[in-house]
Amino acid sequence: MRRWIYAGGRLALAVPVLFSIAVLNFFLIHLAPGDPASVMAGEGGSATPEYMAMLRHKFGLDQSLPLQLWHYVVNVATLDLGYSFRNDEPVLTLILDRLGPTLLLMGTAFVISVGAGILLGLLAGTGRNSWRDGASSILALLASATPSFWLGLMLIVLLSIRLGWLPTSGYETIGSFYEGRAYALDVGRHLIMPALSLALFYLALYTRVMRASVIEQMNMDYVVTARAKGQTELGIIFGHILRNALLPVVTMAGVQAGNLIGGSVIVESVFGWPGIGTLAFAALQGRDLNLLLGIFLVSACVVVAINLMVDLAYVALDPRMDM
């Protein structure tokens, strides 16, 4: 029962956080030079004062900034994120069409980085100063020093161009019309390289954190007591050390959730992945303010949701949080 009360409290705190983020993003976007009217007038070659005034009135840019903010907050409260003048579609529709591929990419990269990082960190921490520790440390060093865009390009050259194992870019094979299992396998083949490119850097972080946490836990008194009682080393590792060592990794996973979204912008651009990242880049180039604000808000919602799940996982791992 207390766990649900804790979850409800964390969820209630998310409301003012999202409101503050929405207001802050609104002011940051409007501090940038230029506006949609200037972009459209420049592209059309009709930058007369009358035409500019008509465009600003159409997009509500002739109103005062506090009034624009009020309309924006009211619309967001009713799930109306505005209209994209560039794509001639509602912002919410555009974002929902691209949100699925981005969540798939982020989720896959998250599972790979956290799962592999925990495994490598556990092997390194339990074999301190051994060949396992050295190999894991070298791999983590190489992963953290490799830019995701460079890794993506090298994977394309090796796995796509040289070996022909995987498609170079995209979300699915165009014109294939796959269904069911065949469609899932096709999307999976397109997902492998972007997910690896995005996951590698974070894998290094989780490996280092897990290694340090395992080494710290192995020196605790409860581990010495467990050995004195005659428990096997594997029983101590998986029955006692692992659960406590996971706590810093879970905390780090919540902190890095926002960075995953930022990293996906570069990876999506390299692989032509039709997600939020490429949509945000196009909106930034076209000064599509409504679309940018919508993307920032939805991204904030995703980060808040991930942090809520991390908090619940933390409670599950540490019973003291449920007291």
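The values are calculated or read from the model by the stated rules, or taken from the named source; none is laboratory data. Please read all numbers here as calculations on a predicted model, not as lab measurements. Cβ coordinates were reconstructed from backbone atoms using ideal geometry, including for glycine residues, and neighbour counts include every protein chain displayed. Heavy atoms of the whole protein, side chains included, go into the accessibility calculation; ligands, DNA and RNA do not. Shrake-Rupley method; radii C 1.70, N 1.55, O 1.52, S 1.80 Å.
Which of the residues spanning region 185-233 are over 34 Å from the mean Cα position of the chain (by Cα), of a type in the set (A, V, I, L, M, F, W, C) and in a helix (DSSP H, G or I)?
Residues satisfying the conditions are Val223, Val224, Ala226, Ala228.
Looking at region 164-220, which of the residues that are of a type in the set (Phe, Trp, Tyr) and within 25 Å of Ala245 (Cα to Cα) is most open to solvent (accessible area, probe 1.4 Å)?
Result: Phe201.
What is the residue count in region 100-136 for residues that are surrounded by fewer than 17 Cβ atoms within 10 Å (Cβ to Cβ), over 20 Å from Gly258 (Cα atoms) and without any contact (Cβ under 8 Å) to a residue 60 or more places away in the chain?
Number satisfying all stated conditions: 8.
Within region 89-99, can one find any residue that is closer than 30 Å to Val302 by Cα, in contact with a helix residue (DSSP H, G or I) (Cβ under 6 Å, 6 or more places away or on another chain) and without any contact (Cβ under 8 Å) to a residue 60 or more places away in the chain?
Scanning region 89-99 turns up no residue that is closer than 30 Å to Val302 by Cα, in contact with a helix residue (DSSP H, G or I) (Cβ under 6 Å, 6 or more places away or on another chain) and without any contact (Cβ under 8 Å) to a residue 60 or more places away in the chain.
Test each condition in (1) touching a His at 6+ places or on another chain (Cβ under 6 Å); (2) touching a residue at least 60 places away in the same chain (Cβ under 8 Å) for Leu198 and report the one that comes out false.
Every condition holds for Leu198 apart from (1).
Just checking, does region 116-134 include any residue being part of a helix (DSSP H, G or I), at pLDDT 85 or above and closer than 21 Å to Val267 by Cβ?
Scanning region 116-134 turns up at least one residue that is part of a helix (DSSP H, G or I), at pLDDT 85 or above and closer than 21 Å to Val267 by Cβ.
Looking only at residues that are open to solvent by 60 Å² or more (accessible area, probe 1.4 Å) and assigned to a strand (DSSP E or B) in region 67-89, which one is nearest to Pro194 (Cα to Cα)?
Glu89
Determine which single condition Val255 fails, assuming it passes every other condition in (1) of a type in the set (A, V, I, L, M); (2) under 13 Å from the mean Cα position of the chain (by Cα); (3) crowded, with 20+ Cβ neighbours inside 10 Å.
(3)
Among the residues of region 12-36, count how many are at pLDDT 75 or above and either under 23 Å from the mean Cα position of the chain (by Cα) or farther than 21 Å from Ala280 by Cβ (or both).
The number of residues fulfilling the criteria is 16.
Taking the criterion of being free of Cβ contacts under 8 Å to residues at least 24 places away in the same chain and either hydroxyl-bearing (Ser, Thr, Tyr) or under 22 Å from Val111 (Cβ atoms) (or both), would at least one residue in region 220-228 satisfy it?
Yes - at least one qualifying residue is present in region 220-228.
So that you can scan it fast, the table gives a plain yes or no per residue for (1) assigned to a helix (DSSP H, G or I); (2) open to solvent by 30 Å² or more (accessible area, probe 1.4 Å); (3) over 30 Å from Arg189 (Cβ atoms); (4) not polar (S, T, N, Q):
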{"site": "Leu242", "(1), (2), (3), (4)": "yes, yes, yes, yes"}
{"site": "Ser269", "(1), (2), (3), (4)": "yes, yes, no, no"}
{"site": "Thr278", "(1), (2), (3), (4)": "yes, yes, no, no"}
{"site": "Arg287", "(1), (2), (3), (4)": "no, yes, yes, yes"}
{"site": "Leu292", "(1), (2), (3), (4)": "yes, no, yes, yes"}
{"site": "Leu297", "(1), (2), (3), (4)": "yes, no, yes, yes"}
{"site": "Ala313", "(1), (2), (3), (4)": "yes, yes, yes, yes"}
